[in-house]
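> Got a structure here, written out as structure tokens. Questions coming.
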Amino acid sequence: YKIAPENVFSDWKEAAKVAKFADAVIIATQDAMHAVAFADLGYHILLEKPMAVTKEDCLRIYEATQRNNVMLSVCHVMRCSPYSQKLRELCGRIGKVVNIQHLEPVGFWHQVHSFVRGNWSRQDTATPNVDTITEALRTGPYGRCVYSCDNDVVDNQVVMFQYKDGSTASFTMVAFTESQCARKTKVFGTTGELTGDGTTIRHFDFLTRVVTEYTPSAPPATSKLRGHGGADYFLVENFVEGVRTNNPEVLMTGAAESLKSHLMVFAAEEARLKDTVISL
């Protein structure tokens, strides 16, 4: 890649010891290793999700970016896809949004590999175990019976939200599916309904009874960033545009929005564990 030897590091701590030599940094380390070091050095940051695994650490990261006046974009890739952007736009055409239903079918094989046998099978050991992956298939974690593991990660969950204006939403995550991460969304408004499958959005207008379908564009054919239905490309494009223009308003997954979504997830987990309702 023609990178100068002095700019090649074996550990992030080595890079953090060097005076700032770039506009931005991509932090793709494991979730418990996301720190504030590069924010303190003045780098704009593209951060792999999650921001952190605790509310306190998420707040630390957010505060570090605000304190140092740097931009932070978290890799919530799906928000940056043309599909998601179109779905958000169309929400403005169905009157007042009353209810949203979102389904994420994890896929049986993905759940087994990552959350039953894999590194994220237990909440208390998920991150530390990343460094101790065994190569012996028969004796290692990937040789175990999926029905006899000690995993404690949720495989079937429905999270309910109620907003101040009375609208409601539900997020269903289920592992026992043929399809893998083929998200489906329904949005019900006072004058119309939207149905999406991750590729195509169907808009039904109550007033005209006309059905219109939209299939948002994919990334350029020359791009190798095809992950998440092409959303990876648009995430990087959005971050680069924000840095190029020095305009945090450009970012679709900025620090404040990302922190808000993380706090909602932490609240949902607290509600599950305590069997109660959490108000934010």
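> Which order do peptides 182-189, 171-178 fall in by mean Cβ count within 10 Å, highest first?
182-189, 171-178
> I need 276, 212 ordered by Cβ neighbour count within 10 Å, fewest first.
Going from sparsest to densest Cβ surroundings: 276, 212.
> List the aspartates and glutamates whose Cα sits under 19 Å from the Cα of residue 20, skipping any in the same chain fewer than 8 residues away.
Those aspartates and glutamates meeting the cut-off are 6, 11, 40.
> Report the label-to-label distance for residue 217 and residue 179 in nanometres (one decimal), using points 7 Å from each Cα along the Cα→Cβ vector.
Inter-label distance under the simple model: 2.6 nm.
> Rank by packing, highest mean first: peptides 156-169, 96-109, 39-52, 260-273, with packing defined as the count of other Cβ atoms within 10 Å averaged across residues.
Ranked by mean Cβ neighbours within 10 Å, highest first: 39-52, 96-109, 260-273, 156-169.
None of the figures in this text is laboratory data; all of them are computed from the coordinates on show. What you see is a predicted model; the values in this text were computed from it and never measured. Note that we place each Cβ from the backbone using ideal geometry, even for glycine, and neighbour counts take in every protein chain shown.
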